[in-house]
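Visitor: Below are the structure tokens for one structure; questions will follow.
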Amino acid sequence: MVRNARSRLILALAVAALLGSGVAGAAWQVEDDKVLDAVKEVHERLGDDGTVTDRLKELNDRMTLVPHKEPTAAMVAEPTGDEALNPMQPSALAVPMEKLCPPGASSPLGQQQHQLCQELVRTELSQYRFSLRMFERAKQNYDRLKQLEDRRRGLGADDYADVQYNSNELLALIALMDNDRDRYRTYMAAYDARIAHIRNQRVALTRNALKGSGALDIPVLALAGAP
């Protein structure tokens, strides 16, 4: 009986050992699968024949700044001599307002025609001056663009932060130039519309005078910021 009990004990220990080794083997199999998956992911990121060093070198090569063979085209030269424009006066002959718009008849119709003439002159002069101010603004933007380009040429492949900052400055400048262009076009259109409106009013007053119906009841709005 003792021998049988000992045999059963040995058999139980053997079975336990086998079961234990099976559980451990399964655990190792699970861990091995996880490791293989991780290695596969790293391998896919590195490429078929890549290494970390190769990838870093590739990234560094991509970030290397290659200067343009030709610099940015020069801005159109500002007119000089007879082509130059006076930023304050469109004509070399400064004709005073009282000569451009002499007082007419003392009637309400004459006063309206006189006021409209003055408004037309001021509007045309304002449009002229605004155009030349925007010309100067374009020159400033071009100078700023050249500065950013020159600074970019001096950056190397390791100047990651400076490259990003330079790119942000360039994008901001482009946005500003787009805004300037939109403002210029919009204000030029507003000037043209105002000039056309004033001329239509003058024609209407003349037509009204020819009919003998007197002055029109049309208030004239002053031009904001007129010189």
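Visitor: Cα gyration tensor of region 107-158, axes a ≥ b ≥ c as square roots of the eigenvalues: rounded (a/c below 1.5), prolate (a/b > b/c) or oblate?
Guide: Details: a/c = 14.12, a/b = 8.35, b/c = 1.69.
Judged from the Cα gyration tensor, region 107-158 comes out prolate (a/c at least 1.5, a/b above b/c).
Visitor: Here's another thing I want to ask about it. Apply 1/(1 + (r/R0)^6) to the Cβ-Cβ distance of Asn200 and Asp180, taking R0 = 35 Å, and write down the FRET efficiency to the nearest 0.05.
Guide: Working: r = 30 Å, r/R0 = 0.87.
With R0 = 35 Å, the Cβ-Cβ based efficiency is 0.70.
Visitor: Could you give me the ³J(HN,Hα) list for region 177-193, computed from phi with Karplus coefficients 6.51, -1.76, 1.60 and θ = phi - 60°, whole Hz, x at Gly and Pro?
Guide: Values, residue by residue: 5, 5, 5, 4, 5, 5, 5, 5, 4, 5, 6, 4, 5, 5, 4, 4, 5 Hz.
Visitor: For Gly104, enumerate residues with amide H under 5 Å from its amide H, sequence gap 5+ or separate chain, H modeled in the peptide plane.
Guide: His114
Visitor: Something else now. Determine ³J(HN,Hα), in whole Hz, for all residues of region 112-123 in sequence, where each value follows from phi through the Karplus function 6.51 cos²θ - 1.76 cosθ + 1.60 and θ = phi - 60°; x replaces Gly and Pro.
Guide: With the stated coefficients, region 112-123 comes to 5, 4, 5, 5, 5, 4, 5, 5, 5, 4, 5, 5 Hz.
Visitor: In Å², and per residue, what accessible area does region 95-173 have when probed at 1.4 Å with the other protein chains present?
Guide: Values: 4630 Å² over 79 residues.
Ligands and nucleic acids excluded, the figure is 59 Å² per residue.
Visitor: Okay, next question. How would you rank 117-126, 163-172, highest first, on the average number of other Cβ atoms within 10 Å across their residues?
Guide: On the way: 117-126: 18.3, 163-172: 13.2.
Going from most to least packed, we get 117-126, 163-172.
Visitor: In sequence order, what are the phi-derived ³J(HN,Hα) couplings for region 145-152 according to the Karplus relation 6.51 cos²θ - 1.76 cosθ + 1.60 with θ = phi - 60°, rounded to whole Hz, with x for glycine and proline?
Guide: Calculated HN-Hα couplings, in order: 4, 5, 4, 5, 5, 5, 5, 5 Hz.
The values are calculated or read from the model by the stated rules, or taken from the named source; none is laboratory data. Note that the coordinates shown come from a computational prediction; the quantities given were computed from them, not determined experimentally. All Cβ positions, glycine included, derive from the backbone under ideal geometry; neighbour counts span all protein chains shown. The area values use the complete protein model at the heavy-atom level, side chains included, leaving out ligands, DNA and RNA. Shrake-Rupley method; radii C 1.70, N 1.55, O 1.52, S 1.80 Å.
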